[in-house]
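Just below is one structure, and these are the notes that go with it.
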Amino acid sequence: MESILILLFVIGYLSITLEHPLKLDKTVPALLMAALMWALLAIGFHNGWFSVVDGYGNVFNINSGDIHQQEHGFEGLLLHHIGKVAEILIFLIGAMTIVELIDLHRGFDVLKDMVKTKSKIRLLWITGIVGFILSAVIDNLTATIVLISLLRKLIHNREERIWYASLIIIATNAGGAWSPIGDVTTTMLWIAKKVTAGGLSEYIIVPAILCFVVPYALASRMKIFKGEIEVNEKTHEERERLLSSKTMLWLGLGAIVFVPIFKTITHLPPYVGMMLSLAVVWLVSEYIHPEVNFDKSKKHLYSANKALSKIEISSILFFLGILMSVAALESLVFGSINGVEVGTLRYAAESISNAIPNMDIVVVLLGALSAVIDNVPLVAASMGMYTYELDHPIWHFIAYSAGTGGSMLIIGSAAGVAAMGMEKIDFIWYLKKITWLAFAGFIVGAMAFLFIEHYIR
């Protein structure tokens, strides 16, 4: 029976990976996989076919001890996992809503208006630096979308524009890796108390900077980035400026940045701080006047309700499905280590450690794998596999590798997929032109991390 449950996970995982060839939204197999795995887990448990283990090492089996106590243990296990997943989802919904509120008030246009250079190299570095910083504050996906929208206004030649867009993927993924709110994977590690905001930033900032700077330095020497571009001077007249743009931009970004501070002060989970931040931004959006002589009949155009309608619920449901699927694998007892029964993922971790004793190599391979397979389930699985303490170097290295390794293929990250969709970037073109740049940045950053870990930390 254990094999059937693992087979379900493998089939579901392959379906997610082959999303584009199958022309099937990855949310569908993720939800199916989660529901079927927990259904099988429940049936198997109640029939005494296998045992389950919780996060504290307590093993439950219907055939051992009081039946009601064992059933209560299983129910508590399910509630524990759905609770941990809910923390992540509430956090993401709050962050997404704030970002959409900023966008409704055209807050990101403020950033776009700041870029007025005609130099190709200068534009390359400006967009890269903005992407690196912005992705750490909001998230790498949103930062990518904002900057590609900017490029569309500044660069009319598509062949030139896709070079900039591709390098922005590298910059935003690198920027998101050192921030607890910059990428879904870092958020997961932070909420799960594997890393702290300070520890993540302190030990990953230098590798992340190198991961961004090295590809950009190499690209700066390319012919494509020589000379000047023609900036469309009418760009800023395309849309009417709103009075609320600056206020909502700085308030929204400040509210998101406040979340780690709130957690440090109160020691409450991050989603509570995000609830407070969303409430404040929502409150301001209700009373602020976006236009001169603002007509209340237009209020719905800038409301939080509209922002909520624009967030990607399919992404939220995908995270729900994949995280609950991984939780099922984590809960299923598959074997024992030193006579102690452990879950499937913990057993898999022990098997990998026996095959590859060096964890640094394992994590680098994880980074390479994240270019092919979604990094969310990879990180979720690693959280269930390893039991290192808070802010252990391995957790920081996993955050770096999973966050930046996806840049090596355009399908390897949410930022890459977004850029691919917006600019119709060809997979093979990216593989030939950009992959080596991303790989160079990833390896240099990884070497820097290992040097800091072994010789400075």
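The values are calculated or read from the model by the stated rules, or taken from the named source; none is laboratory data. Quick caveat: nothing in here was measured; it's all calculated off a predicted structure. Every residue, glycine as well, gets a Cβ built from its backbone with ideal geometry; the counts of neighbours run over all protein chains shown.
Which of the residues belonging to the range 380-397 are in a loop (DSSP other than H, G, I, E, B) and not aromatic (Phe, Trp, Tyr)?
Correct list: 387, 389, 390, 391, 392.
Search the range 1-27 for residues that are surrounded by 14 or more Cβ atoms within 10 Å (Cβ to Cβ) and pair each with any residue that is acidic (Asp, Glu) when their beta-carbon atoms are under 6 Å apart and the residues are at least 6 apart or on different chains.
26/19
Return yes when residue 185 is more than 26 Å from residue 106 (Cβ to Cβ), in contact (Cβ under 8 Å) with a residue 12 or more places away in the chain, part of a helix (DSSP H, G or I) and within 21 Å of the chain's Cα centre (by Cα) and no when it is not.
yes
Anything in the range 290-309 that is surrounded by 14 or more Cβ atoms within 10 Å (Cβ to Cβ) and not aromatic (Phe, Trp, Tyr)? List them, or say none.
Of everything in the range 290-309, those that are surrounded by 14 or more Cβ atoms within 10 Å (Cβ to Cβ) and not aromatic (Phe, Trp, Tyr) turn out to be 290, 291, 299, 303, 304, 306, 307, 308.
To keep it simple, each residue is scored yes or no on (1) of a type in the set (Phe, Trp, Tyr); (2) assigned to a helix (DSSP H, G or I); (3) at pLDDT below 95; (4) in contact with a strand residue (DSSP E or B) (Cβ under 8 Å, 6 or more places away or on another chain).
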| residue | (1), (2), (3), (4) |
| --- | --- |
| 399 | no, yes, yes, no |
| 403 | no, yes, yes, no |
| 415 | no, yes, yes, no |
| 420 | no, yes, yes, no |
| 425 | no, no, yes, no |
| 428 | no, yes, yes, no |
| 455 | yes, yes, yes, no |
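Just the residues that are touching a residue at least 12 places away in the same chain (Cβ under 8 Å), in contact with a helix residue (DSSP H, G or I) (Cβ under 9 Å, 6 or more places away or on another chain) and part of a strand (DSSP E or B), please, taken from the range 320-379.
If the condition is that a residue be touching a residue at least 12 places away in the same chain (Cβ under 8 Å), in contact with a helix residue (DSSP H, G or I) (Cβ under 9 Å, 6 or more places away or on another chain) and part of a strand (DSSP E or B), then 332, 333, 334, 335, 337, 342, 343 are the ones that fit.
Condition first: in contact with a helix residue (DSSP H, G or I) (Cβ under 8 Å, 6 or more places away or on another chain), within 30 Å of residue 450 (Cα to Cα) and either at pLDDT below 85 or not β-branched (Val, Ile, Thr) (or both). Can you find one or more residues in the range 225-237 that meet it? Don't jump to the end; show me each part of the working.
Step one: filter the range 225-237 for residues in contact with a helix residue (DSSP H, G or I) (Cβ under 8 Å, 6 or more places away or on another chain), giving 225-229, 231-232, 235-236.
Within this subset, residues satisfying the condition of being within 30 Å of residue 450 (Cα to Cα) are none.
Within the range 225-237 (the criterion being in contact with a helix residue (DSSP H, G or I) (Cβ under 8 Å, 6 or more places away or on another chain), within 30 Å of residue 450 (Cα to Cα) and either at pLDDT below 85 or not β-branched (Val, Ile, Thr) (or both)), the answer is no, since none of the residues qualifies.
Evaluate the following for residue 262: is it of a type outside the set (Val, Ile, Thr), under 20 Å from residue 185 (Cα atoms) and in contact with a helix residue (DSSP H, G or I) (Cβ under 9 Å, 6 or more places away or on another chain)?
Answer is no for this residue.
Would you confirm whether or not the range 40-60 contains a residue that is among the polar types (S, T, N, Q), in a loop (DSSP other than H, G, I, E, B), free of Cβ contacts under 8 Å to residues at least 24 places away in the same chain and within 24 Å of residue 11 (Cβ to Cβ)?
Of the residues in the range 40-60, the ones among the polar types (S, T, N, Q) are 47, 51, 58.
Then drop every residue that is not in a loop (DSSP other than H, G, I, E, B), which leaves 47, 51, 58.
From the residues that got through so far, the ones that are free of Cβ contacts under 8 Å to residues at least 24 places away in the same chain too are 47, 58.
Among the residues that remain, those that are also within 24 Å of residue 11 (Cβ to Cβ) are: 47.
Scanning the range 40-60, I find at least one residue that is among the polar types (S, T, N, Q), in a loop (DSSP other than H, G, I, E, B), free of Cβ contacts under 8 Å to residues at least 24 places away in the same chain and within 24 Å of residue 11 (Cβ to Cβ), so the answer is yes.
Can you go through 310, 306, 298 and tell me which one is more than 28 Å from the chain's Cα centre (by Cα) and among the charged types (D, E, K, R)?
Checking each option against the conditions leaves just 298.
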